1. To the nearest 10 degrees, how steep is helix 175-197 against the longest Cα principal axis of the chain, on a 0 to 90 scale?
2. So for Leu10, Leu127, what's the accessible-area order with a 1.4 Å probe, most first?
3. Roll a 1.4 Å probe over the protein heavy atoms and report the accessible area of Ile93 in Å², nearest 10.
4. How far apart, in nm, are the 7 Å Cα→Cβ label points at Leu99 and Tyr113?
5. How charged is the neighbourhood of Asp184? Take every other residue with its Cβ under 14 Å from the Cβ of Asp184, and add Lys/Arg as +1 and Asp/Glu as -1.
6. Answer with a single label: of (1) 28, 20, 17; (2) 35, 19, 13; (3) 87, 13, 10, which was calculated as semi-axes √(5λ) of the Cα gyration tensor in Å from the structure in view?
7. Which FRET efficiency value, to the nearest 0.05, is calculated for Lys16 and Val191 with the Förster distance at 35 angstrom and r the Cβ-Cβ distance?
8. At a 1.4 Å probe radius, which order do Phe161, Phe130, Phe94 fall into by accessible area, largest first?
Amino acid sequence: MEKMRYLLSLFIYALKRNSKISINTLFRYVYICSASCDYLDNSERKGNEVIIDKDIGIADYSILFEAMQRLNESEMITMIDSANIIGTDKIYIFVESLLGQERVRDDLNRITYFVGVISNYSEDVVLSIFYNEPNVVEATNRNESVVNLKNNKLYELLTEFEKVANEECGKNLDRYDVFTTWLDYVFEKYVEGKVKNE
């Protein structure tokens with residue numbers, strides 16, 4: 001629970017002061033970041049199992065919602081309505097009080113960069129990215145509500161893509177370039193799907 005509250009605090013901080021935040025989009029950001037962090041951090045550590053809601057595309061809904069309720073009770077966020085929140089001064093003061101710790105600075109830098117990349121996409125595209133994330137695809141194809149990140153399919157996909165791209169281009173691509181190329185690919189497929197359906 002404390003880990004989720006900590007993560008939500010960093011994401012809300014990274015999403016900027018006085019900015020209305022969609023709860024569903026926030027939760028999807030947390031999931032996509034969790035699924036991609038092994039690759040982006042260039043680590044072999046494997047994540048845990050993650051519960052998803054296949055109908056609305058949210059990961060670890062109950063745990064995240066409970067953590068968000070705790071933030072609300074401590075007046076670190078304000079619930080604008082049932083779908084949106086806004087961070088209060090308390091959450092910014094809380095995060096800034098932790099920035100003396102190197103791990104917190106590293107986590108915040110990683111999350112801020114991640115948010116900067118993914119927030120360029122609309123909420124509909126973020127939902128499409130969630131549904132196209134390989135671990136979610138595998139779980140939904142099996143009609144399961146648990147995503148197991150110990151055998152992270154996104155890590156494998158991005159690593160394979162990086163290998164092929166580096167061999168064809170003859171240079172080492174930055175891991176965020178590889179990740180954003182995947183996001184752009186999903187975005188293009190989303191746009192193609194919209195055009196076909198119109």
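The values are calculated or read from the model by the stated rules, or taken from the named source; none is laboratory data. Source: prediction; values computed, not measured. Reconstructed Cβ throughout: ideal geometry from the backbone, glycine too, with neighbour counts over all protein chains shown. Please note that ligands, DNA and RNA were not included when accessible areas were found on the heavy atoms of the full protein model with its side chains. Shrake-Rupley method; radii C 1.70, N 1.55, O 1.52, S 1.80 Å.
1. 80 degrees
2. Leu127, Leu10
3. 110 Å²
4. That separation, rounded to one decimal, is 1.8 nm.
5. Charge balance near Asp184 sits at -2.
6. (1)
7. Result of the calculation: an efficiency of 0.85.
8. Phe161, Phe94, Phe130
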